[in-house]
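To start, the structure under review is shown below, and the notes come after it.
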Amino acid sequence: MSNKPFLGLRPCTWVYITLVSLTFVTFYIGEKEIGGLSIALFVLGIAMIKGHLVGAYFMGLGGLRGLWRWPVSVWLIVPGSLITTAFILSS
């Protein structure tokens, strides 16, 4: 993970801007009451991406190697897979 500024902003600032942007996307989807299986899985994917970014940049797990990086990844993948399976089976 590099701490080199890009366009004058540190990587953690870019991640924060990305998190805020993805939050606005999910807010917009909710406000417009867009529904369906594909939209629900899209929003779930956004939540998983946001969780990964928070773990990597703000919990400091991005620079770690080995076993210490796995708990957050498993924590995102297992519930995300179970929720995806539940959505697909219910439709």
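None of the figures in this text is laboratory data; all of them are computed from the coordinates on show. Treat the numbers as computed from the prediction; the structure is a model and nothing was measured. Every residue, glycine as well, gets a Cβ built from its backbone with ideal geometry; the counts of neighbours run over all protein chains shown.
Side notes on the structure shown:
- Max mean-square fluctuation residue, GNM over the chain, Cα-Cα springs under 10 Å, options Ile34, Ile77, Ile46: Ile34
- Footprinting exposure proxy ranking of Val25, Val74, fewest other C-beta atoms within 10 angstrom first, gives Val74, Val25.
- Computed [θ] at 222 nm, deg cm²/dmol, the chain (DSSP H ≥ 4; -39,500 (n - 2.57); rounded to nearest 500): -22500 deg cm²/dmol
- Exposure proxy ranking, count of Cβ atoms within 10 Å, fewest first, for Leu22, Leu64: Leu64, Leu22
- Each residue in Leu9, Leu44 was given a count of other beta-carbon atoms within 10 angstrom of its own, and listing them fewest first yields Leu9, Leu44.
- Label selected from [x] 17, 50, 28, 5, 0; [y] 15, 37, 32, 14, 2; [z] 19, 57, 23, 1, the criterion being P(r) over Cα pairs in 10 Å bins from 0, in percent as computed here: [y]
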